[in-house]
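Just below is one structure, and these are the notes that go with it.
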Amino acid sequence: MAKPAVHFFTEDLSYTLKKKTLLKAWIKAIIEKEGYSLQELNFILCSDEYLLRINQEYLDHDTYTDVITFDNSEELKMIVGDIFISLERIQENAKTFKHTVADELYRVMAHGTLHLLGYKDKGKAAKTLMTAKEDESLALFKAMEPAV
């Protein structure tokens, strides 16, 4: 079996993601903490328009969104997926919520990963749990970051 892998891609824009090695270890840690194993996970950074087309074509939603997660897993507890993230939405939301773009991006990366682990965000209770899990994931990231 192939080595577990996290990959980062950009689709229709140019963006240089920093801390890739740390991000890969962090995503793997989130997955393993929940009792799952990582097989392959792709993060695809794209524009609003690109993600809107995916939303329309695959989900029949005609709205902008920050993240869409596709679960391609075939085995129980084995993570295989694609997470599309709109960088434009991330930048807007960072301003709105007064976060850095990096912090907002990490939150959305965790959010997409948590969807693959079975967490939902429809309904108040599910949203509350999802937010708590995102916060837990971000705390784990901060703990893994080397002190500067």
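The values are calculated or read from the model by the stated rules, or taken from the named source; none is laboratory data. None of these values were measured; they are calculated from a predicted model. Backbone-built Cβ (ideal geometry, glycine too); neighbour counts: all protein chains shown. What goes into the accessible areas is simple: the full protein's heavy atoms, side chains included, and nothing from ligands, DNA or RNA. Shrake-Rupley method; radii C 1.70, N 1.55, O 1.52, S 1.80 Å.
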Review point. What accessible area per residue comes out for the chain, rounded to a whole number of Å², with a 1.4 Å probe?
Key: 58 Å²
Practice item. For 62, 103, 12, give the ranking by accessible area with the largest first, probe 1.4 Å. Key: 62, 12, 103
Check your understanding: Cβ under 15 Å from residue 22's Cβ, residue 22 left aside: what net charge do those residues give with Lys, Arg +1 and Asp, Glu -1?
Key -> +4
Revision key, fill the gap. The answer for the net charge of residues other than residue 115 whose Cβ lies under 10 angstrom from its Cβ, with Lys and Arg +1 and Asp and Glu -1, is -1
Revision key, fill the gap. Mean-square fluctuation maximum in Gaussian network of the chain, Cα pairs under 10 Å, restricted to 123, 81, 112, hits 123
Review point. In nm, to one decimal, how far is the residue 15 label point from the residue 100 one, both placed 7 Å along Cα→Cβ?
Key: 1.6 nm
Check your understanding: In nm, to one decimal, how far is the residue 91 label point from the residue 47 one, both placed 7 Å along Cα→Cβ?
Key -> 1.1 nm
Practice item. Treat every Asp and Glu Cβ in the chain as -1 and every Lys and Arg Cβ as +1, leave all other atoms uncharged, and give the resulting dipole magnitude about the Cα centre to the nearest 20 debye. Key: 680 debye
**Study point:** Highest-fluctuation residue, 43, 70, 97 considered, GNM on the chain with Cα pairs under 10 Å
**Key:** 97
Review point. What trypsin sites (Lys or Arg not before Pro) in region 20-79 are in a loop by DSSP, with at most 13 other Cβ atoms within 10 Å of the Cβ?
Key: 77
Check your understanding: So what is the relative contact order of region 43-148, in percent, for Cα pairs below 8 Å that sit 6 or more residues apart?
Key -> 22 percent
Study note, to complete from the structure: With label points set 7 Å from each Cα along the Cα-to-Cβ direction at residue 129 and residue 78, the distance between them in nm comes to 2.6 nm
Exercise for review: Could you look at the chain and say what percent of its accessible area is carbon and sulfur, using a 1.4 Å probe and all protein chains?
Suggested key: 53 percent
Practice item. Would you mind working out the magnitude of the charge dipole of region 99-148 relative to its Cα centre, with +1 at each Lys and Arg C-beta and -1 at each Asp and Glu C-beta, to the nearest 20 Debye? Key: 300 debye
